[in-house]
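Following: one structure in structure tokens, then a few remarks.
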Ligand SMILES: Cc1ncc(COP(=O)(O)O)c(C=O)c1O
């Protein structure tokens, strides 16, 4: 196979000395996907699932085709895939609506690497029902999931809610084993795949989870659309979170009956353009993978790791054996924010801070780190430039 060639021409902001290393927060959107978005608003925009005129019927068909192809991306049936606005919205929906009859003392298992979006909703639920939160830890030296995690699961465990990959270290978690452990004690499992979806093959049947969520904008789509897979025996037992148009079978003055389909979780007008371009983004991403994107990004990650590790003034956070293409690091001599600002002035975008994962940074004993996250548009030359600017920052600021 030819080596992967970053499709820079798809990204009009690039090619003028600008290096974008914040794809784990949100990816730049390729022209192909933007064209799809524009095409929808120019020629196809109409209300979906409402009106009977032909433009509305066509827009509805486009939306449902998009649902179908997003579902296929994770090996799910479209009948079990709903389309919330974001991973955050989906996780909040799950925390409020999972059909679990909570008793005081029941346990939820989370990892210490959860993004706040997969932590705060469960924290609030735990406070409401006097539940116990239990924690999957990470080995400080290797960065992998700490051994002995199986012991956390008990007959009191009602839920596992876990990230597929850390947004700070990139560590990929053993989802199939974790979900099997949850199932073995009769607990439900929720997977936050926001960081993994663009990089790791995710097939819900093989993972064996009850729910899985990810956002379009971290997979080269626009913001405003996400995917929430719900296991077919689960969602008919769940109440909708938002109530309104488009999710009811029948409404009378005093009562209403919800739709018997997954659309019961999609009250109100959806962001059709975002959903349709989400499907286009996944198609684009799949093509990039067929051209060797994954090998390209793991090569760049290794180049970056080697470069960082040669600089003894930097400390790299370990990630275990399997990791998404991002690296976080810090320095005892220069604050992470100062490094990020220096790089910004050199036209290099990285992220610094606690990355909405404060418990992980507390666990690691670090206040803030610089995160370099890679995307399809990055090249070896970008890494060389980044390392050179880090050296310049060190000379100027240490
Ligand atoms: C692991 C993880 N979960 C959830 C989220 C939240 O995603 P969104 O902002 O699309 O709701 C993020 C965003 O960075 C994330 O990295």
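Every number in this text was worked out from the coordinates using simple rules, so none of it is lab data. From a predicted model like this one, the values you see are computed outputs, not experimental measurements. Glycine gets a Cβ as well: all are built from the backbone with ideal geometry, and neighbour counts include every protein chain shown.
Taking each residue as 0.36 nm, the span from residue 42 to residue 397 lengthens on full extension beyond its C-alpha to C-alpha distance by 122.8 nm.
Treating r as the C-beta distance of residue 255 and residue 103 and R0 as 35 Å, the FRET efficiency rounds to 0.75.
Please work out whether region 160-258 counts as rounded, prolate or oblate from its C-alpha gyration tensor, where a ≥ b ≥ c are the square roots of the eigenvalues and a/c under 1.5 means rounded, while otherwise a/b larger than b/c means prolate and anything else oblate? Oblate. Each eigenvalue of the Cα gyration tensor of the chain, multiplied by 5 and square-rooted, gives one semi-axis; in descending order these are 36, 28, 17 Å. For the chain, a Gaussian network of Cα nodes joined below 10 Å ranks 307, 186, 365 by mean-square fluctuation, and the top entry is 365.
The distance between label points at residue 332 and residue 77 comes to 5.8 nm (points 7 Å beyond Cα on the Cα→Cβ vector).
Classified by the C-alpha gyration tensor, region 24-82 has an oblate form. Its axis ratio a/c, with a ≥ b ≥ c, is 1.5 or above, and a/b does not exceed b/c.
Angle check, please: helix 120-129 long axis (alpha carbons) against the longest principal axis of the chain (alpha carbons), in degrees 0 to 90, nearest 10. Result, in degrees: 50.
May I ask you to derive the FRET efficiency for residue 363 and residue 305 from their Cβ-Cβ distance with R0 = 25 Å, giving the value to the nearest 0.05?
Numbers: r = 21 Å, r/R0 = 0.85.
Efficiency, rounded to the nearest 0.05: 0.75.
Helix 54-73 and the longest principal axis of the C-alpha atoms of the chain enclose an angle of approximately 60°.
For region 58-162, taking the reciprocal of the average inverse distance between every pair of different Cα atoms yields a Kirkwood hydrodynamic radius of 16.0 Å. Can you tell me the 0 to 90 degree angle between the C-alpha axis of helix 293-309 and the longest principal axis of the chain, rounded to 10? Helix 293-309 and the main axis of the chain meet at about 40 degrees. Potential lengthening of the chain between residue 286 and residue 384 amounts to 32.5 nm, from the contour at 0.36 nm per residue minus the alpha-carbon distance.
In terms of overall dimensions, region 89-242 has a Cα radius of gyration and Dmax of 14.7, 44 angstrom.
Counting other beta carbons within 10 Å of each residue's own, what order do 42, 315 fall into, fewest first? Mind showing how you got there, number by number?
Numbers: 42 9, 315 17.
Ranked by crowding around the Cβ, least crowded first: 42, 315.
Please order 337, 330, 220 by the number of other Cβ within 10 Å, starting at the fewest. If you can, show how the numbers build up before the last one.
Numbers: 337 12, 330 21, 220 29.
So the ranking, lowest neighbour count to highest, is 337, 330, 220.
Using the empirical formula 2.2 N^0.38 Å as the baseline, the Cα radius of gyration of region 193-251 reaches a ratio of 1.37.
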